[in-house]
Amino acid sequence: MNESELESALVKIAGTGGVVRASVAAYDHETGRTFGWHEQEWFHAASTMKVAVLLAVFRAVDEKRLRLDDPLHVRNRFISAGNGEPFRLQRGRDGDEEVHQRIGRTMRIRELAHRMITVSSNLATNLLLDLIGLEYAQRVLHDAGVTGIHLKRGVEDAAAHEMGINNEVTSAGLVSLFRVIQEGQFTTAKSREAMLQILFDQKYNAVLPKKLPPGTRVAHKTGEISTVSHDAGLFFVKERPPYAFAILTEVLPESNGRTATVAAMSEAVCDYFRGA
């Protein structure tokens, strides 16, 4: 499959599943080859923003600002980035019950980081972002050379959302973020390995292609709300360096085919880099 054929395949796939618009970016760590299709278009980040928080947490660890085994008090009260008023997360809208059950007690930063990614805990995300600070997380992205990611608030900050303050990403931006994690120049080797292991432990894998080569491992993060469905990460195929990829889709709220659409796009990208 060549680049033109991949673009044609993506257009065809995007015509299904209630997709309004889509964006794809990819990078081959072995050859340096890149691919982009509407890769500079901005989308609501949904839970893909949690990877940016993950990088910032481990950068803070490397800078001795905190330790992974430090305890953190679990609470459900945060300050809006919009109007400065307190708000709470709705327990029923969080994919992770465990952290909510620990309110009033403590959890280790290591545990919170793991649950933020693997089961997409919203409460863990806001606790960690509150701990390191939004400005610090933004500075980490800047210092790492990551562009195409606007980290502006925590999760479920309704007041900020109503004011138009939202986390946004491009597929090119997410690929640059995963490149930073994989290439390991911005963090210690220990932090790099820890981040990758957390991403390998991802529990939400329905968006992955069904026909990946045997032995393929994927370190990734999904993101889904009513009108978007995303996936981004790293494909490790056998012993070669990985492909970084990001697939962003805006979909109709009533769409039922979003997961299959993202999986089909992932498979097309994987086939392109494998020369299938």
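Structural remarks
- Exactly one residue among Glu239, Glu254, Glu250 is assigned to a strand (DSSP E or B), over 19 Å from Leu54 (Cβ atoms) and not polar (S, T, N, Q), and that residue is Glu250.
- Inter-residue pairs, beta-carbon under 9 Å, first surrounded by fewer than 23 Cβ atoms within 10 Å (Cβ to Cβ) and in the stretch 208-224, second among the basic types (Lys, Arg), 6+ apart: Pro213/Lys238; Pro213/Arg274; Pro214/Lys238; Gly215/Lys238; Thr216/Lys238; Glu224/Arg258
- Breaking point among (1) of a type in the set (A, V, I, L, M); (2) more than 19 Å from Phe235 (Cβ to Cβ); (3) out of contact with any Lys or Arg (no Cβ under 6 Å at 6 or more places or on another chain), for Leu54: (2)
- Taking the stretch 252-269 as the range and being over 16 Å from the mean Cα position of the chain (by Cα), modelled with pLDDT of 90 or more and either surrounded by fewer than 23 Cβ atoms within 10 Å (Cβ to Cβ) or of a type in the set (A, V, I, L, M, F, W, C) (or both) as the test, the residues that pass are Ala264, Met265, Glu267, Ala268, Val269.
- For the stretch 191-200, a tally of residues being among the charged types (D, E, K, R) and surrounded by 13 or more Cβ atoms within 10 Å (Cβ to Cβ) returns 1.
Residue-wise test of (1) out of contact with any strand residue (DSSP E or B) (no Cβ under 8 Å at 6 or more places or on another chain); (2) small (Gly, Ala, Ser).
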| residue | (1), (2) |
| --- | --- |
| Val19 | no, no |
| Gly32 | yes, yes |
| Gly36 | no, yes |
| Thr48 | no, no |
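- Qualifying residue in the stretch 24-35 (condition: surrounded by 16 or more Cβ atoms within 10 Å (Cβ to Cβ), touching a residue at least 12 places away in the same chain (Cβ under 8 Å) and of a type in the set (Lys, Arg)): no
- Residue check for Lys221: in contact with an Asp or Glu (Cβ under 9 Å, 6 or more places away or on another chain), at pLDDT 95 or above and of a type in the set (Lys, Arg): yes
- Which listed residue, of Glu135, Glu156, is part of a helix (DSSP H, G or I) and either in contact with a Phe, Trp or Tyr (Cβ under 7 Å, 6 or more places away or on another chain) or acidic (Asp, Glu) (or both): Glu135
- Test for Leu129: is it in a helix (DSSP H, G or I) and buried (at least 19 other Cβ atoms within 10 Å of the Cβ): yes
- Restricting attention to the stretch 56-92, the residues being within 23 Å of His142 (Cβ to Cβ) and aromatic (Phe, Trp, Tyr) number 1.
- Taken over the stretch 138-171, the criterion of being among the aliphatic types (A, V, I, L, M), surrounded by fewer than 22 Cβ atoms within 10 Å (Cβ to Cβ), closer than 18 Å to Asn122 by Cβ and touching a helix residue (DSSP H, G or I) at 6+ places or on another chain (Cβ under 9 Å) is satisfied by Leu151, Ile165.
- Single residue of the stretch 225-251 satisfying the filter (among the polar types (S, T, N, Q) and surrounded by fewer than 22 Cβ atoms within 10 Å (Cβ to Cβ)) that is nearest to Arg115 (Cα to Cα): Ser226
- Take the conditions (1) within 17 Å of the chain's Cα centre (by Cα); (2) within 20 Å of Ser226 (Cα to Cα); (3) free of Cβ contacts under 8 Å to residues at least 24 places away in the same chain; Gln138 misses just one of them, which is (2).
- Residues that are farther than 19 Å from Lys221 by Cα, exposed (fewer than 14 other Cβ atoms within 10 Å of the Cβ) and in contact (Cβ under 8 Å) with a residue 12 or more places away in the chain within the stretch 85-102 comprise Glu85, Arg88, Gln90, listed in sequence order.
The values are calculated or read from the model by the stated rules, or taken from the named source; none is laboratory data. Owing to the predicted nature of the structure, the values given are computational and were not obtained by experimental measurement. We place every Cβ from the backbone using ideal geometry, glycine too, and count neighbours over all the protein chains shown.
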